[in-house]
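Remarks on the structure that follows.
Just so it is clear, none of the values below were taken in a lab; they were calculated from the coordinates. Since we're looking at a predicted model, the values are computed, not measured. Here the Cβ positions follow ideal geometry from the backbone for every residue, glycine too, while neighbour counts run over all protein chains shown.
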């Protein structure tokens, strides 16, 4: 499987480095600069993604501006609702790439899809993909909270299946965001289950999860 390591602290960066992470997710733009600097200081070669707000959020423009000229390898777009959202973000990224003298398309997009009821209903719209799109991620725990459901309910299973189908139709890998409360002792079994459900990888949320994956080398695919 492919693993994206979410790192929100220097300790998490250190743990991800110890695990030879191939991709990092920095969950806030505010912390991105310092954490990216730390990753570089440690000589990490992991691809770096920075989470940004939905395209209809008033915060998105300021977040993209805050990235400055040192643009990341990609951004994770929260609650992405299909190709229209991808196109809007792509246009905004093109402006920042021009300012930073980077080629258009240098910054990829990882779309967090099916994060709300509207997001689930928009999953079929990813069919055909988009030029910057590098993967679809799905967070069943965020969806359950948004709609007031139990993450273990059948509604969650349905949304997960739709997300896997949407990624396949877009010809990109699907990633499942694990719960921060996922027991590292059962992590490998959970990863085997989601791989069987059509997900190419997972977003790991804690250093303990990083360690559990590192100790099971057969689970790791180095591609981001």
Which FRET efficiency value, to the nearest 0.05, do you get for residue 211 and residue 45 by plugging their Cβ-Cβ distance into 1/(1 + (r/R0)^6) with R0 = 25 Å?
-> 0.80
Based on the Cα gyration tensor of region 63-155, what are the three equivalent ellipsoid semi-axes, each the root of five times an eigenvalue, rounded to whole Å and given largest first?
-> 29, 14, 9
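Could you work out Rg/(2.2 N^0.38 Å) for region 172-216, with Rg from alpha carbons only?
Against the empirical 2.2 N^0.38 Å value, I get 1.06 for region 172-216.
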Evaluated at 37 °C and 0.692 mPa s, the Stokes-Einstein D of region 88-128 based on the Kirkwood radius over Cα pairs, in µm²/s, stands at 277 µm²/s
Taking 178, 25 and counting other beta carbon atoms within 10 angstrom, the fewest-first order is 178, 25
Pair residue 102, residue 161: separation of 7 Å Cα→Cβ label points (nm) = 3.9 nm
Sticking with the crude label model, points 7 Å out along Cα→Cβ, report the distance from residue 147 to residue 61 in nm, one decimal please.
-> 3.3 nm
When DSSP assigns beta bridges and you keep just the ones with both residues in the chain, what percent turn out antiparallel, to the nearest 5?
-> 0 percent
Which one of 108, 148, 68 has the biggest mean-square fluctuation once the chain is modelled by GNM with Cα springs under 10 Å?
-> 148
For the chain, built as a Gaussian network whose Cα springs stay under 10 Å, the top-fluctuating residue of 15, 159, 185 = 185
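Only helical DSSP H runs with n ≥ 4 go in: add -39500 (n - 2.57) per run for the chain, normalise by residue count and round the 222 nm mean residue ellipticity to 500 deg cm²/dmol.
Roughly -12500 deg cm²/dmol at 222 nm, from the helical runs in the chain.
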Span from the region 63-142 Cα centroid across to the region 1-51 one, whole angstrom | 19 Å
What span do the alpha-carbon atoms of region 128-224 cover on each of the three principal axes, reported in whole Å from largest to smallest?
-> 37, 34, 21
For region 17-65, what is the Kirkwood estimate of the hydrodynamic radius, computed as the reciprocal of the mean inverse distance between distinct Cα atoms, to one decimal in Å?
-> 11.8 Å
Work out, step by step, the length gained on full extension between residue 18 and residue 69: first 0.36 nm times the residue separation, then minus their alpha carbon distance; give nm to one decimal.
-> 15.5 nm
Viscosity 1.002 mPa s, 20 °C: Kirkwood-radius Stokes-Einstein D of the chain over Cα pairs, µm²/s | 123 µm²/s
So, relative contact order of the chain in percent, Cα under 8 Å, 6 or more apart, is 22 percent
Return one quarter of the surface area of the convex hull spanned by the alpha-carbon atoms of region 27-98, equal to its mean projected area, in nm².
-> 4.8 nm²
Stretch residue 197-residue 185 to full length: gain in nm at 0.36 nm per residue minus the Cα-Cα span?
-> 2.3 nm
What would the Debye formula give as log10 I(q)/I(0) at q = 0.13, 0.14, 0.16 Å⁻¹ for the alpha-carbon point model of region 1-128, no solvent?
-> -0.54, -0.63, -0.81
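Determine the relative contact order of region 130-200: mean sequence separation of Cα pairs under 8 Å and six or more apart, normalised by residue count, in whole percent.
39 percent
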Give me the percent of Cα-Cα pairs in region 114-170 that sit more than 17 Å apart, rounded to a whole number.
-> 32 percent
